[in-house]
Amino acid sequence: MVKEIYTWTKAIVFALIITFICREFIFSPVLVQGESMQPTFENNDKIIVAKSSKIERFDMIVFHAKNLQENHIKRVIGLPGDRVEMKDDRLYINGKEYKEDYLQMNKESIPMTEHLTGDFNLHDWADNAKVPDESLFVLGDNRRNSTDGREYGFIKKDSVIGEVKIRFYPLKEIGIPK
């Protein structure tokens, strides 16, 4: 009986250690709160973020907000050294225009004479109009209702918790978000 209890205790402790290591260093579940990424993510969606991913342009990331009391989910638009500009609802990075297909549903919901994203450039936040080293520029997909880089400027890379890899709730939306 003692041997049986010892075996079970050892297995449970081992499982807890593996779970702790995975959650701290490899991946973590996150609850989406707010409307800033609609329709890509809805309020109360549940996602998994990978903590060891290399962050690239247009990746969706979760990061600690500057006030450190909450986490935000946004899309990476500018990497260190990038020049970012929005003009006439068109995104330009380093002078090259980029299509933002993930915004199509939001664009269809507004009158054709209006813009989803107001004009801006990085002169508003950076002396040399570039994303600083060790920083990122992020925007929400719901551009008309998102507190993002247009409000608070750049985020530090070390505030990033991880890259969004999969949505696991709601069940009908399980999969890799685009």
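A Cβ-based charge dipole, computed about the Cα centre of the chain with Lys and Arg at +1 and Asp and Glu at -1, lands at about 700 debye.
Gain on full extension, evaluated as 0.36 nm per residue between His64 and Val2 minus their Cα-Cα distance, stands at 17.7 nm.
Residues Thr7, Thr113, Thr40, ranked from the fewest to the most other C-beta atoms within 10 Å, line up as Thr113, Thr7, Thr40. Near Asn44: Cβ cut-off under 15 Å, other residues only, Lys/Arg at +1 and Asp/Glu at -1. The net charge is -2. Across all C-alpha atoms in the range 1-82, the radius of gyration and Dmax reach 18.4, 65 Å. Relative to the longest principal axis of the Cα atoms of the chain, helix 2-25 runs at roughly 10 degrees. If I take R0 = 22 Å and measure r between the Cβ atoms of Glu108 and Asn44 in this structure, what FRET efficiency does the formula 1/(1 + (r/R0)^6) give, to the nearest 0.05? After rounding to 0.05, the efficiency reads 0.35. For the range 35-154, the fraction of alpha-carbon pairs lying more than 16 Å apart is 62 percent, rounded to a whole number.
Selection among Val13, Gly140, Ile174 by position relative to the dipole of the chain gives Val13 as farthest towards the positive end (Cβ unit charges, Cα centre). Note on the range 76-137: dipole from Cβ charges, positive end direction compared against Asn94, Phe120, Asn106; the farthest Cα belongs to Asn94.
Just so you know, all these numbers are worked out from the coordinates, no wet-lab data involved. None of these values were measured; they are calculated from a predicted model. Counting neighbours? That spans all protein chains shown, and the Cβs are built from the backbone with ideal geometry, glycine included.
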